[in-house]
Amino acid sequence: MNFNLVIPFFFGMVILAATPGPGVFASMAKASTAGFVASLYLIAGLAVGDIVFLNLALLGMSAIAKILGPLFLAIKIIGGLYLLYLGVKLYRSREFQAGENADAVEPRYRTFLSGMFVSLGNPKPILFYASVLPTIINFNEVRFVDACVMMLLIASVSFIVVGTYSYFASLTHRRQMDPAMAAKINKIAGLVLIAVGIYVAIH
């Protein structure tokens, strides 16, 4: 393993994950309404999206992006509209869905997919992997073991950093609230998801 590649990549990933953006806001909205565990599935989707970008970067992201440009655009639009739908649905909800009920309303695989759509449609990781990362590490020196370690770091940093945001947001979900307060929290979280959806779709 080449530590001259892995260590700079690690710090770059920490900065990328810690900087508030659509992924952080989406995970916090999910945690505040469906609980911390539900947000972990969304974070897993975020990590997978980042892993896709890493592999594209290693394969030559600029060339692939030109070939798959329409596909990336379609992913952005579909992901944005899906998040917009979830936001509107949450905004109109008048009470929290706890534990098993939350999974019944939003299956875990859909939460995972929404996280992946957020990541794939987010310009921040695209900019990082296509423009910033090549200035930090030399892709020509990356070997298979290095790539595997980087993918592991993506998952670890995502769950630790974004998971911390989600955990504190989930504290709201744990409190017993009257219906009026629950409706207000849902409206705020719904508006956040709507804003994230619009941002993903148009940027």
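Values in this text are rule-based calculations from the coordinates and carry no lab data. Bear in mind that the values here come from a model prediction, so they are computed numbers and not experimental data. Note that each Cβ is placed from the backbone with ideal geometry, even for glycine, and that neighbours are counted across all protein chains shown.
Remarks
- Difference of contour (0.36 nm per residue) and Cα-Cα distance, F11 to N140: 44.5 nm
- Here r is the Cβ-Cβ distance between L171 and V132 and R0 is 45 Å; the resulting FRET efficiency, rounded to 0.05, is 0.85.
- Put simply, when 22-31, 46-55 are sorted by average Cβ atoms within 10 angstrom per residue, most first, you get 22-31, 46-55.
- Ranked by the mean number of other Cβ atoms within 10 Å per residue, highest first, peptides 109-122, 144-157 order as 109-122, 144-157.
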